[in-house]
Amino acid sequence: MPSPHAAIHQIWPLLFVQDIDRSLGFYRDQLGFTLARRADDANGKLFWCRVERGGASIMLQQAEAEDGPAEGRGRGVAFYFLCDDADAMHAELSSRGMQLDPPTIAYYGMKQLFVPEPDGYFICFESDVGHG
């Protein structure tokens, strides 16, 4: 008998961004994500894409006037990416020219690396203290 519940495999948040080319460059070139899919408008200009790294994916979409004001768009939105080693992530991102504070240990035992994001979304790469 089939299960009455559908399986959920992943979540792909959609972020509205002010400059999709800048955002794609940030996630790809600075954070090491790869471009998984893209959609261009009739003029061949990128307006949507999905980037991925490991098991994590984020969709980026060029914000339009109908999407509301850019100010405060990322406020209250946080993304915590679980990684193997926050120190190794810090070293990797630093090698790409990012100037970041070193990871810190939260009171609940996670080592956290906070990364500023161009549109103000809150990004943290974290690992269990016992694992880096």
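The values are calculated or read from the model by the stated rules, or taken from the named source; none is laboratory data. For clarity, every value in this text was computed on a predicted model and none was experimentally measured. FYI the Cβ positions are ideal-geometry reconstructions off the backbone, even for glycines, and counts take in every protein chain you see. Surface accessibility is based on the protein's heavy atoms, side chains included, excluding ligands, DNA and RNA. Shrake-Rupley method; radii C 1.70, N 1.55, O 1.52, S 1.80 Å.
Quick one: with all protein chains in place, what share of the accessible area of region 1-129 is carbon or sulfur, to the nearest percent (1.4 Å probe)?
Answer for region 1-129 is 53 percent, counting heavy atoms of protein chains only.
From the phi angles alone, apply the Karplus equation (6.51, -1.76, 1.60; θ = phi - 60°) to region 18-33 and give each ³J(HN,Hα) in whole Hz, x where the residue is Gly or Pro.
Per-residue couplings from phi come out as 6, 9, 5, 5, 4, 5, 4, x, 4, 5, 7, 7, 8, 9, x, 6 Hz.
Which FRET efficiency value, to the nearest 0.05, is calculated for Asp84 and Arg37 with the Förster distance at 25 angstrom and r the Cβ-Cβ distance?
About 0.45, to the nearest 0.05.
If amide H atoms are built 1.01 Å from N in the plane of the peptide, which residues on other chains or at least 5 residues away come under 5 Å of the amide H of Ala56?
none
Taking only protein heavy atoms into account and a 1.4 Å probe, give the accessible area per residue of the chain in Å².
Dividing the accessible area of the chain by its residue count gives 62 Å².
Return the long-range amide H neighbours of Leu15 (sequence gap of 5 or more, or a different chain), with a cut-off of under 5 Å between placed amide H atoms.
Under 5 Å from the amide H of Leu15 lie the amide H atoms of Met59, Leu60, Gln61, each far enough along the sequence or on another chain.
Report, in debye and to the nearest 20, how large the dipole of region 2-132 comes out about its Cα centre when Lys and Arg carry +1 and Asp and Glu carry -1 on their Cβ.
With Lys and Arg at +1 and Asp and Glu at -1, about 200 debye.
With the dipole of region 1-40 worked out from charges on the C-beta (+1 for Lys and Arg, -1 for Asp and Glu) around the Cα centre, which of His9, Thr34, Ser23 lies farthest toward the positive end?
The Cα lying farthest towards the positive end belongs to His9.
Two-decimal Rg/Rh of the chain from alpha-carbon positions, Kirkwood Rh?
The Rg/Rh ratio comes out at 1.02.
What distance in nm separates the two pseudo spin-label positions at Met98 and Ala65, each 7 Å out from Cα along the beta-carbon direction?
3.5
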